[in-house]
Amino acid sequence: MMGSVFDFRAQLREGCRILEIALEEEAVERLFVYFSELARWSRKINLIAKGAGEAEILENHFLDSLTLLPLLSNPEHSHLLDVGTGAGFPGLACKAALPKLRVTLLEPRLKRVSFLRHVIRTLGLDGVEVLAGRVEDEELLPSSSVFTHITSRAVTDSSEFLRMVSRLCSTETRVICMKGPKWRAEVQELGTISPAVSFQHINTMKRELPFSGAKRALLTFTRDH
(Lines give C-alpha, C1' and ligand atoms only; values in the text may rest on other atoms or scores of the structure.)
Protein backbone atom coordinates (compact mmCIF):
# COMPACT_ATOMS: atom_id res chain seq x y z
CA MET A 1 0.00 0.00 0.00
CA MET A 2 2.91 2.33 0.66
CA GLY A 3 4.97 3.29 -2.39
CA SER A 4 7.94 5.46 -3.22
CA VAL A 5 6.13 7.48 -5.90
CA PHE A 6 3.17 8.76 -3.91
CA ASP A 7 4.04 11.82 -1.81
CA PHE A 8 1.39 11.95 0.91
CA ARG A 9 2.63 15.19 2.44
CA ALA A 10 2.68 17.09 -0.87
CA GLN A 11 -0.74 15.78 -1.90
CA LEU A 12 -2.19 16.59 1.52
CA ARG A 13 -0.88 20.15 1.33
CA GLU A 14 -2.25 20.57 -2.19
CA GLY A 15 -5.64 19.12 -1.28
CA CYS A 16 -5.92 21.43 1.73
CA ARG A 17 -4.88 24.40 -0.40
CA ILE A 18 -7.70 23.67 -2.84
CA LEU A 19 -10.16 23.19 0.03
CA GLU A 20 -8.86 26.42 1.64
CA ILE A 21 -8.00 24.58 4.85
CA ALA A 22 -4.95 25.85 6.74
CA LEU A 23 -2.68 23.12 8.15
CA GLU A 24 0.46 23.69 10.18
CA GLU A 25 3.51 21.65 9.24
CA GLU A 26 3.31 19.75 12.54
CA ALA A 27 -0.22 18.70 11.57
CA VAL A 28 0.96 17.52 8.14
CA GLU A 29 3.59 15.38 9.84
CA ARG A 30 1.09 13.89 12.32
CA LEU A 31 -1.29 13.02 9.50
CA PHE A 32 1.56 11.43 7.55
CA VAL A 33 2.46 9.22 10.55
CA TYR A 34 -1.22 8.32 10.91
CA PHE A 35 -1.37 7.40 7.23
CA SER A 36 1.79 5.30 7.55
CA GLU A 37 0.42 3.41 10.56
CA LEU A 38 -2.89 2.87 8.75
CA ALA A 39 -0.97 1.34 5.84
CA ARG A 40 1.06 -0.91 8.14
CA TRP A 41 -1.86 -2.15 10.23
CA SER A 42 -4.07 -2.65 7.15
CA ARG A 43 -1.78 -5.47 6.04
CA LYS A 44 -3.00 -7.46 9.07
CA ILE A 45 -6.52 -6.26 9.90
CA ASN A 46 -9.42 -4.79 7.95
CA LEU A 47 -9.45 -1.05 8.72
CA ILE A 48 -10.70 0.43 5.44
CA ALA A 49 -11.95 -0.94 2.11
CA LYS A 50 -9.54 -3.46 0.65
CA GLY A 51 -7.79 -2.48 -2.56
CA ALA A 52 -7.96 1.28 -1.97
CA GLY A 53 -4.95 3.07 -3.44
CA GLU A 54 -2.89 5.64 -1.58
CA ALA A 55 -4.35 8.64 -3.44
CA GLU A 56 -7.87 7.32 -2.81
CA ILE A 57 -7.17 6.88 0.92
CA LEU A 58 -5.78 10.41 1.14
CA GLU A 59 -8.82 11.95 -0.51
CA ASN A 60 -11.71 9.74 0.65
CA HIS A 61 -10.58 9.42 4.26
CA PHE A 62 -8.12 12.12 5.26
CA LEU A 63 -9.20 15.09 3.13
CA ASP A 64 -12.89 14.19 3.41
CA SER A 65 -12.50 14.19 7.21
CA LEU A 66 -10.71 17.54 7.21
CA THR A 67 -13.68 19.22 5.49
CA LEU A 68 -15.12 19.29 9.04
CA LEU A 69 -12.45 21.71 10.28
CA PRO A 70 -14.22 24.96 9.26
CA LEU A 71 -17.14 23.87 11.48
CA LEU A 72 -14.78 23.43 14.45
CA SER A 73 -13.53 27.00 14.45
CA ASN A 74 -13.05 27.22 18.24
CA PRO A 75 -11.18 23.97 19.02
CA GLU A 76 -10.08 24.98 22.53
CA HIS A 77 -13.74 25.04 23.60
CA SER A 78 -15.06 22.19 21.45
CA HIS A 79 -15.66 18.51 22.24
CA LEU A 80 -16.36 16.32 19.21
CA LEU A 81 -18.03 12.90 19.47
CA ASP A 82 -17.38 10.67 16.45
CA VAL A 83 -19.86 7.76 16.39
CA GLY A 84 -18.64 4.56 14.71
CA THR A 85 -15.28 6.12 13.91
CA GLY A 86 -13.78 2.96 12.39
CA ALA A 87 -10.14 3.72 11.66
CA GLY A 88 -10.57 7.24 13.08
CA PHE A 89 -12.40 9.11 10.35
CA PRO A 90 -13.30 11.88 10.75
CA GLY A 91 -12.58 12.33 14.46
CA LEU A 92 -8.95 11.28 14.82
CA ALA A 93 -7.96 13.00 11.57
CA CYS A 94 -9.46 16.25 12.92
CA LYS A 95 -7.65 15.73 16.23
CA ALA A 96 -4.32 15.23 14.43
CA ALA A 97 -4.94 18.47 12.54
CA LEU A 98 -6.19 20.41 15.60
CA PRO A 99 -4.45 19.01 18.70
CA LYS A 100 -6.32 21.40 21.04
CA LEU A 101 -9.65 19.90 19.96
CA ARG A 102 -11.14 17.50 22.52
CA VAL A 103 -12.37 14.31 20.86
CA THR A 104 -14.24 11.17 21.91
CA LEU A 105 -14.05 8.28 19.45
CA LEU A 106 -16.76 5.60 19.69
CA GLU A 107 -16.07 2.26 17.98
CA PRO A 108 -17.47 -1.22 18.76
CA ARG A 109 -14.86 -3.34 16.91
CA LEU A 110 -11.98 -4.11 19.26
CA LYS A 111 -9.26 -4.49 16.62
CA ARG A 112 -10.04 -0.99 15.39
CA VAL A 113 -10.09 0.28 18.98
CA SER A 114 -6.56 -1.16 19.40
CA PHE A 115 -5.45 0.62 16.24
CA LEU A 116 -6.92 3.94 17.36
CA ARG A 117 -5.22 3.75 20.76
CA HIS A 118 -1.92 2.86 19.07
CA VAL A 119 -2.11 5.90 16.76
CA ILE A 120 -2.99 8.19 19.69
CA ARG A 121 0.04 6.92 21.65
CA THR A 122 2.30 7.15 18.60
CA LEU A 123 1.29 10.75 17.94
CA GLY A 124 1.50 11.69 21.62
CA LEU A 125 -2.00 13.15 21.62
CA ASP A 126 -3.93 14.03 24.76
CA GLY A 127 -7.53 15.19 25.12
CA VAL A 128 -8.76 12.23 23.06
CA GLU A 129 -10.62 9.17 24.38
CA VAL A 130 -11.55 5.91 22.67
CA LEU A 131 -14.70 4.15 23.89
CA ALA A 132 -15.28 0.54 22.84
CA GLY A 133 -19.01 0.20 22.27
CA ARG A 134 -22.13 1.65 20.70
CA VAL A 135 -23.91 4.97 21.04
CA GLU A 136 -26.98 3.35 22.62
CA ASP A 137 -24.95 2.19 25.66
CA GLU A 138 -26.04 4.50 28.50
CA GLU A 139 -23.46 3.07 30.90
CA LEU A 140 -20.60 3.68 28.48
CA LEU A 141 -21.91 7.02 27.23
CA PRO A 142 -24.24 8.60 29.82
CA SER A 143 -26.95 11.02 28.73
CA SER A 144 -25.24 13.59 30.96
CA SER A 145 -22.23 13.63 28.59
CA VAL A 146 -21.62 17.07 27.10
CA PHE A 147 -20.54 17.47 23.48
CA THR A 148 -20.42 20.61 21.38
CA HIS A 149 -20.34 18.60 18.14
CA ILE A 150 -21.45 15.09 17.17
CA THR A 151 -20.72 13.48 13.82
CA SER A 152 -20.40 10.14 12.02
CA ARG A 153 -19.41 8.78 8.64
CA ALA A 154 -20.74 5.33 9.59
CA VAL A 155 -24.49 6.08 9.70
CA THR A 156 -26.15 6.51 6.31
CA ASP A 157 -29.65 7.48 7.50
CA SER A 158 -29.64 11.01 8.94
CA SER A 159 -33.04 10.57 10.63
CA GLU A 160 -31.83 7.44 12.40
CA PHE A 161 -28.58 9.12 13.42
CA LEU A 162 -30.37 12.12 14.91
CA ARG A 163 -32.66 9.77 16.83
CA MET A 164 -29.67 7.77 18.14
CA VAL A 165 -27.75 10.81 19.43
CA SER A 166 -30.70 12.91 20.62
CA ARG A 167 -30.19 11.96 24.29
CA LEU A 168 -26.63 13.37 24.06
CA CYS A 169 -27.69 16.72 22.61
CA SER A 170 -28.35 19.99 24.35
CA THR A 171 -29.79 22.92 22.41
CA GLU A 172 -26.17 24.08 21.95
CA THR A 173 -24.91 20.82 20.39
CA ARG A 174 -24.21 20.81 16.66
CA VAL A 175 -24.91 17.48 14.97
CA ILE A 176 -23.05 17.26 11.66
CA CYS A 177 -24.14 14.66 9.08
CA MET A 178 -21.52 14.06 6.39
CA LYS A 179 -23.37 13.24 3.19
CA GLY A 180 -22.87 12.67 -0.52
CA PRO A 181 -24.68 14.24 -3.50
CA LYS A 182 -28.16 12.92 -2.52
CA TRP A 183 -28.33 14.98 0.66
CA ARG A 184 -31.38 17.02 -0.42
CA ALA A 185 -33.61 13.95 -0.47
CA GLU A 186 -32.52 13.08 3.06
CA VAL A 187 -33.34 16.55 4.37
CA GLN A 188 -36.83 16.25 2.87
CA GLU A 189 -37.38 12.93 4.65
CA LEU A 190 -36.40 14.19 8.10
CA GLY A 191 -40.04 14.42 9.14
CA THR A 192 -39.88 10.71 9.97
CA ILE A 193 -38.09 11.46 13.28
CA SER A 194 -40.27 11.03 16.37
CA PRO A 195 -42.15 14.27 17.17
CA ALA A 196 -40.62 14.09 20.67
CA VAL A 197 -37.17 14.58 19.12
CA SER A 198 -37.21 17.87 17.28
CA PHE A 199 -34.16 18.95 15.28
CA GLN A 200 -33.69 21.97 13.07
CA HIS A 201 -31.51 21.90 9.96
CA ILE A 202 -29.55 25.14 10.33
CA ASN A 203 -26.75 24.94 7.77
CA THR A 204 -25.46 23.09 4.70
CA MET A 205 -21.81 23.38 3.71
CA LYS A 206 -21.26 22.03 0.21
CA ARG A 207 -17.77 20.93 -0.84
CA GLU A 208 -16.06 19.11 -3.70
CA LEU A 209 -13.17 16.81 -2.94
CA PRO A 210 -10.10 18.38 -4.59
CA PHE A 211 -8.86 15.64 -6.91
CA SER A 212 -11.91 13.55 -7.83
CA GLY A 213 -14.48 16.36 -7.72
CA ALA A 214 -16.78 14.11 -5.66
CA LYS A 215 -19.58 16.15 -4.12
CA ARG A 216 -20.00 16.32 -0.36
CA ALA A 217 -22.41 18.14 1.96
CA LEU A 218 -22.05 18.75 5.68
CA LEU A 219 -25.52 19.14 7.19
CA THR A 220 -25.66 20.81 10.60
CA PHE A 221 -28.62 20.25 12.95
CA THR A 222 -29.52 21.57 16.38
CA ARG A 223 -32.09 20.25 18.81
CA ASP A 224 -35.11 22.51 19.29
CA HIS A 225 -35.95 21.35 22.82
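The values are calculated or read from the model by the stated rules, or taken from the named source; none is laboratory data. What you see is a predicted model, and the numbers here were worked out from it, not measured in a lab. Cβ placement follows ideal geometry from the backbone for every residue including glycine, while neighbour counts extend to all protein chains displayed.
Under 9 Å between Cβ atoms, at least 6 apart or on separate chains: pull out the pairs that start in the range 32-43 with a residue that is free of Cβ contacts under 8 Å to residues at least 60 places away in the same chain and end on any residue that is surrounded by fewer than 18 Cβ atoms within 10 Å (Cβ to Cβ) and in a helix (DSSP H, G or I).
Within 9 Å, the pairs are 32/9; 35/54; 39/54.
Do the conditions hold for residue 156, that is, is it surrounded by 18 or more Cβ atoms within 10 Å (Cβ to Cβ) and polar (S, T, N, Q)?
Answer is no for this residue.
Could you check, for the range 44-63, whether at least one of its residues is over 13 Å from the mean Cα position of the chain (by Cα) and within 28 Å of residue 203 (Cβ to Cβ)?
Yes, the range 44-63 contains at least one residue that is over 13 Å from the mean Cα position of the chain (by Cα) and within 28 Å of residue 203 (Cβ to Cβ).
Return yes when residue 119 is out of contact with any Lys or Arg (no Cβ under 6 Å at 6 or more places or on another chain), β-branched (Val, Ile, Thr) and within 28 Å of residue 201 (Cβ to Cβ) and no when it is not.
Criteria not met by residue 119.
Just name the residue that is farthest from residue 219 (Cα to Cα) out of those in the range 61-88 that are touching an Asp or Glu at 6+ places or on another chain (Cβ under 8 Å) and surrounded by fewer than 24 Cβ atoms within 10 Å (Cβ to Cβ).
Filtering first and then ranking leaves 86.
Out of the range 1-31, which residues are of a type in the set (Gly, Ala, Ser) and either free of Cβ contacts under 8 Å to residues at least 12 places away in the same chain or outside any loop (DSSP other than H, G, I, E, B) (or both)?
Result: 4, 10, 15, 22, 27.
Say whether the condition of being touching a residue at least 12 places away in the same chain (Cβ under 8 Å), hydroxyl-bearing (Ser, Thr, Tyr) and either assigned to a loop (DSSP other than H, G, I, E, B) or under 30 Å from residue 59 (Cβ atoms) (or both) is met by at least one residue in the range 176-193.
No, every residue in the range 176-193 fails to be touching a residue at least 12 places away in the same chain (Cβ under 8 Å), hydroxyl-bearing (Ser, Thr, Tyr) and either assigned to a loop (DSSP other than H, G, I, E, B) or under 30 Å from residue 59 (Cβ atoms) (or both).
With the condition kept exactly as written, say whether any residue in the range 83-97 is closer than 19 Å to residue 170 by Cβ, touching a residue at least 24 places away in the same chain (Cβ under 8 Å) and assigned to a loop (DSSP other than H, G, I, E, B).
Checked the range 83-97: no residue is closer than 19 Å to residue 170 by Cβ, touching a residue at least 24 places away in the same chain (Cβ under 8 Å) and assigned to a loop (DSSP other than H, G, I, E, B).
Please give the number of the condition residue 218 fails out of (1) at pLDDT 90 or above; (2) of a type outside the set (Val, Ile, Thr); (3) more than 19 Å from residue 101 (Cβ to Cβ).
(3)
Against the condition within 28 Å of residue 136 (Cα to Cα), hydroxyl-bearing (Ser, Thr, Tyr) and not in a strand (DSSP E or B), how does residue 65 come out, does it pass?
The answer is yes for residue 65.
For residues that are part of a loop (DSSP other than H, G, I, E, B) and in contact with a Gly (Cβ under 8 Å, 6 or more places away or on another chain), scanning just the range 40-60, find the one that is surrounded by the fewest Cβ atoms within 10 Å (Cβ to Cβ).
48
May I ask you to list the residues in the range 199-215 that are in contact with an Asp or Glu (Cβ under 8 Å, 6 or more places away or on another chain) and in a strand (DSSP E or B)?
Residues satisfying the conditions are 199, 200, 215.
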